[in-house]
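S.K.: Okay, here's the structure, questions in a sec.
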Amino acid sequence: MHIAVVGTGYVGLVSGVCFAEMGNQVTCVDIDARKVESLRDGRLTIYEPGLEVYFDRGRRENRLRFTTDLAEALAPADVVFLALPTPPGEDGSADLRYVLGVADDVGRLLAEARRGLAGAEAGGDGAASRPWGYKVIVDKSTVPVGTSARVTAAIEAHGLEAGEDFDVVSNPEFLREGAAVDDFMKPERVVVGTDSERAAELMTRLYEPFVRSGNPILVMDEASAEMTKYAANAMLATKITFMNEVANLCDRVGADVDKVRRGIGTDSRIGPKFLYAGIGFGGSCFPKDVQALHRTAGQNGYDFRILQAVLDVNEDQKRALVPPVLDALADDAGRLDGKTITVWGLAFKPHTDDVREAPAHVLIREFVGLGADVVAFDPEAVETTRATFEREPLEGSGSLSYAETAYDAAAGADALVVATEWPEFRRPDLARVRRSLKPGPNGAPLLFDGRNVFEPGEMAEAGFAYRSIGRPAVEPLPIDDGAGATPVVTLPGS
């Protein structure tokens, strides 16, 4: 099948590469000429595990092409995917200017092709009607309910007829950054929103190779498909936020949120996923989609109160480690002047370089604003972090620098903060880390774990004053590994 993918951001590039891997002819189009040039030259513009292998194979076998020319991509396409940004507006609603703008361009190009074909037929030349026949236009972007109707109207405004010249389908993505290739190639379900049997049949043929294990292709109306995506992300964000609220209460009553998680996660009605407490969620999806669904509710006269609570709690949770750090290190004025804080992790989650809405960035802004010098390390997200803080500079008397390794970042710091649960942060040389950090006020190095990656007992044995999310603070046990004994102390705030 011939496929056009408009937009080579995260969703568009993963979709295009994976469709090509399954034998389709894919042309990806983007207005960013530099990005297209990079992709043509074989340089991926995002980091995603497993993507490079499929990307290289698709290019090598001429199934995957890149262009800035929408008409070039559109002409042979049976299916046209719109994988475009829908950033939140000032009121939290999804900004559809890119989606509707491209829909208008698609309508114009299809209409021009129709007129050209009609002219050719009138002149006796039945020239290649095939490339410009019926097309399915697919909303792959996360869009509010009613967007498919607006895309249809934008295309029909050029004199085309839905159901005859084209159909618009909602086909939301359910990709997890860091596992997107697996999610695309082996989806738990495929949602197709359309009232057109013709479009549904074409989309089913396209996706059948991806669901050979028996997972469903769910065909429904457009509005329900659009709502499904928002409802799914809002539900997951709510689970995360609920567990963070439970963790905050555990801190106050002396319970351990990890034990609570296991206790409720074994209940089949609840399940074990998305129950891990931490410093909040970020990324390109959950914050934006919860805001957009909340705004959609308001526009339709419904006060979706739980969603506002999710947003408010999550913003507070991103700063959950600031009070314990201040308790341990702040001067009498409540500042961190002269202190160095190491931050492990910059991406909003592991296995990605995406730093959008990352809790680590919120912590860095807080620490720098309070006068601390922050030294950060992340395996993939340093450059995206640099770019972010160049666009939106840090404020305050502190500073931010980057280290080449996690151990370099910890050297001489007053405290270590874990902000992203990268696998390499789970099993470091703890003795080396302990020796690298300065002793805290009570003699033991301070480690603040925003993702609960370490076991408290292990941290006590390793000699750290350790604070995590929703679990009791631990007292370091006396050890002597040649660096001198560590006294038994209690972390401030325990």
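S.K.: Going by how many other beta carbons lie within 10 Å of each one, how would you line up Tyr402, Tyr302, fewest first?
M.R.: Tyr302, Tyr402
S.K.: Over the Cα atoms of segment 230-316, how large are the radius of gyration and the largest Cα-Cα distance (Dmax), in Å?
M.R.: Both quantities, over Cα of segment 230-316: 13.8, 43 Å.
S.K.: Just to confirm my numbers, what's the Cα centroid distance between segment 273-313 and segment 191-217 in Å?
M.R.: Between the Cα centres of segment 273-313 and segment 191-217 lies a distance of 29 Å.
S.K.: The chain: D in µm²/s via Stokes-Einstein (Kirkwood Rh, Cα pairs, 4 °C, 1.567 mPa s)?
M.R.: The Stokes-Einstein estimate is 52 µm²/s.
S.K.: Additional query: Assuming 0.36 nm per residue, please report the length gained on full extension of the stretch Tyr302 to Ala223 beyond their Cα-Cα distance.
M.R.: Taking 0.36 nm per residue and subtracting the Cα distance, the gain is 26.7 nm.
S.K.: A further question follows. Extension gain Ala231-Arg189, at 0.36 nm per residue separation less the Cα-Cα distance, in nm?
M.R.: 13.6 nm
S.K.: Cβ under 15 Å from Thr228's Cβ, Thr228 left aside: what net charge do those residues give with Lys, Arg +1 and Asp, Glu -1?
M.R.: Around Thr228, the charge tally is -4.
S.K.: Something else: If you place +1 on the Cβ of every Lys and Arg and -1 on the Cβ of every Asp and Glu, how big does the dipole about the Cα centre of the chain come out, in debye to the nearest 20?
M.R.: In debye, rounded to 20, the chain gives about 680.
S.K.: Please arrange Arg467, Arg435 by how many other C-beta atoms lie within 10 Å of their C-beta, fewest to most.
M.R.: Fewest to most other Cβ atoms nearby, the residues stand as Arg435, Arg467.
S.K.: Now a separate question. Take the Cα atoms of segment 361-412, find their three principal axes, and give me the spread along each one in whole Å, biggest first.
M.R.: Rounded to whole Å, the extents work out to 26, 25, 13 Å.
S.K.: Take the residue pairs Lys135/Lys186; Lys259/Lys318; Lys288/Lys318; Lys186/Lys229; Lys140/Lys239 and return only those whose Cα atoms are more than 20 Å apart.
M.R.: Correct reply: Lys135/Lys186; Lys259/Lys318; Lys140/Lys239.
S.K.: Moving on. Quick one: putting +1 on the C-beta of Lys and Arg, -1 on the C-beta of Asp and Glu, what dipole do you get for segment 319-474 around its Cα centre, in Debye to the nearest 20?
M.R.: That gives a dipole near 340 debye.
S.K.: Express in % the proportion of alpha carbon pairs of segment 172-298 at distances exceeding 20 Å.
M.R.: Value for segment 172-298 (Cα pairs over 20 Å): 57 percent.
S.K.: Now for a separate question. If you average 1/r over every pair of different alpha-carbon atoms in segment 319-474 and take one over that average, what Kirkwood value in Å do you get?
M.R.: Evaluated over segment 319-474, this radius sits at 15.3 Å.
S.K.: Among residues other than Gly396 whose Cβ falls under 12 Å from its Cβ, what is the net charge (Lys/Arg +1, Asp/Glu -1)?
M.R.: So the surrounding residues net to -2.
S.K.: Under a plain spin-label model, where a point goes 7 Å from the Cα along Cα-to-Cβ, how far apart in nm are Asp312 and Asp267?
M.R.: 2.5 nm
S.K.: Under a crude label model (7 Å from the Cα following the beta-carbon direction), how far is Ile31 from Glu392 in nanometres?
M.R.: A separation of 2.2 nm, rounded to one decimal place.
S.K.: Stretched out fully, how many nm does the piece from Asn442 to Glu164 gain, at 0.36 nm a residue minus the Cα gap?
M.R.: Full-extension gain reported as 92.5 nm.
S.K.: What nm value, rounded to one decimal, do you get for the distance between Ala153 and Asp56 when each label is placed 7 Å out toward the C-beta?
M.R.: 4.8 nm
S.K.: Taking the Kirkwood radius as the inverse of the mean 1/r across Cα pairs, report the Rg/Rh of segment 130-243.
M.R.: Using Cα coordinates only, the ratio equals 1.01.
S.K.: Counting other C-beta atoms within 10 Å, which of Met1, Met459, Met22 has the fewest, and how do the rest follow?
M.R.: Final ranking by Cβ density, sparse to dense: Met1, Met22, Met459.
S.K.: Then there's this: Quick one: what do you get for segment 184-228 if you divide its Cα Rg by 2.2 N^0.38 Å?
M.R.: For segment 184-228, the normalised Cα radius of gyration comes out at 1.10.
S.K.: Okay, next question. What does the charge count around Gly9 come to, taking other residues whose C-beta lies under 12 Å from its C-beta (Lys +1, Arg +1, Asp -1, Glu -1)?
M.R.: Residues near Gly9 contribute -3 overall.
Read-outs: derived from the displayed coordinates by stated rules, not from any lab. What you are looking at is a predicted structure, and each value in this text was computed from that prediction instead of being measured. Positions of Cβ are generated from backbone atoms using ideal geometry, with glycine treated the same way; all protein chains shown enter the neighbour counts.
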